[in-house]
Amino acid sequence: PSMPLGLFAPVASVGSEAPPLGSGALALLQAALHNDVKMWPVSMPDAARVRWEYALRSMRYTMACSDEDEEHCDSMKAAMSQCLEALPRVPNDGGGSGGVGCKGFGDRLKRMEFSALSRTPLRGA
């Protein structure tokens, strides 16, 4: 994330209190599967969001041009399209968030409530 990708600027380093960048990928998966993000905090800076969109679109285009297994490629292209549709629903709770994908303070509080542990997990057997 600290290296430029073509004309895309590098993702700014996050502070110690900011959520890890990997939380954005998990939130994208949650948005694609459940049409809603219930986890908090999520870090999806604009530079990371643009990289995700570029990667998903280029993979979908590459699969459309290939002559590989049609059935497998069709299901992968559908999954890429589903992720692209879910990308705007991923919020950014990191520092300097522009509010993209977040419905406001009420949405953030709702996600905080859903992310709270109601019980302490027990040790594994």
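Okay, residues lined up against (1) modelled with pLDDT under 85; (2) under 21 Å from Pro20 (Cα atoms); (3) touching a helix residue (DSSP H, G or I) at 6+ places or on another chain (Cβ under 9 Å); (4) of a type outside the set (A, V, I, L, M):
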{"position": "Lys38", "(1), (2), (3), (4)": "yes, yes, yes, yes"}
{"position": "Ser58", "(1), (2), (3), (4)": "no, no, no, yes"}
{"position": "Cys65", "(1), (2), (3), (4)": "yes, no, no, yes"}
{"position": "Met76", "(1), (2), (3), (4)": "yes, no, yes, no"}
{"position": "Ser81", "(1), (2), (3), (4)": "no, no, yes, yes"}
{"position": "Leu84", "(1), (2), (3), (4)": "no, no, yes, no"}
{"position": "Asn92", "(1), (2), (3), (4)": "yes, yes, yes, yes"}
{"position": "Leu117", "(1), (2), (3), (4)": "yes, yes, no, no"}
{"position": "Leu122", "(1), (2), (3), (4)": "yes, no, no, no"}
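Right, Gly98: modelled with pLDDT under 80, more than 17 Å from the chain's Cα centre (by Cα), among the small types (Gly, Ala, Ser) and surrounded by fewer than 11 Cβ atoms within 10 Å (Cβ to Cβ) or not?
Values: modelled with pLDDT under 80: yes; more than 17 Å from the chain's Cα centre (by Cα): no; among the small types (Gly, Ala, Ser): yes; surrounded by fewer than 11 Cβ atoms within 10 Å (Cβ to Cβ): yes.
When the stated conditions are applied, Gly98 does not pass them.
Specify which of the listed residues (Ala32, Ala9) is of a type outside the set (Asp, Glu), open to solvent by less than 20 Å² (accessible area, probe 1.4 Å) and either modelled with pLDDT under 85 or within 29 Å of Ala78 (Cβ to Cβ) (or both). Give the steps one after another, and end with the answer.
On the way: Ala9 fails: open to solvent by less than 20 Å² (accessible area, probe 1.4 Å).
One residue alone meets the criteria, Ala32.
The values are calculated or read from the model by the stated rules, or taken from the named source; none is laboratory data. The model shown is predicted, which means the values in this text are computed figures rather than measured ones. Note that we place each Cβ from the backbone using ideal geometry, even for glycine, and neighbour counts take in every protein chain shown. SASA here: full protein model, heavy atoms, side chains in, ligands and nucleic acids out. Shrake-Rupley method; radii C 1.70, N 1.55, O 1.52, S 1.80 Å.
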